[in-house]
Amino acid sequence: MGPTLLGIAVTFLVATVIEVCSEGSSPLAFEIYNQTGAFGNSFVFLMAGVATDYTEIGLIWSNIGKRAALWLPVITVPQIMLLGYFFNLFLL
């Protein structure tokens, strides 16, 4: 898990599976930054967990509608991945 596209993809997959509250994610994100030295990986971990959280998507599905719930990850995930890549590219 380094500052590469593969590292960002692995971080994204881990964030999708391990989504916990923001208080629990912050120490994990700091440890990711400590281990990799890549700000983009920490960013992807924090943001992707929220964007792919099934409880959030379920609440949007029931309160707003299924189109909004389906568009949430479709719109946010590519932006998160792109920003994480740019953070790794320019902030290292």
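The values are calculated or read from the model by the stated rules, or taken from the named source; none is laboratory data. Values in this document were obtained by computation on a predicted structure and should not be read as measured data. Every residue, glycine among them, receives a Cβ derived from its backbone with ideal geometry; neighbour counts consider all protein chains shown.
A few remarks follow.
- All positions within the range 57-92 that are β-branched (V, I, T) and not in a loop (DSSP other than H, G, I, E, B): I57, I60, V74, I75, T76, V77, I80
- Restricting the range 26-49 to residues that are within 17 Å of L83 (Cβ to Cβ) and of a type in the set (S, T, N, Q), the residue that is surrounded by the fewest Cβ atoms within 10 Å (Cβ to Cβ) is T36.
- Within the range 11-22, tally of residues that are within 11 Å of the chain's Cα centre (by Cα) and either acidic (D, E) or over 13 Å from Y85 (Cα atoms) (or both): 7
- For the range 55-92, the tally of residues that are within 21 Å of I8 (Cβ to Cβ) and among the hydroxyl-bearing types (S, T, Y) stands at 2.
Residues checked against (1) at pLDDT 95 or above; (2) not hydrophobic (A, V, I, L, M, F, W, C):
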residue	(1), (2)
P27	no, yes
F45	no, no
G49	no, yes
M81	yes, no
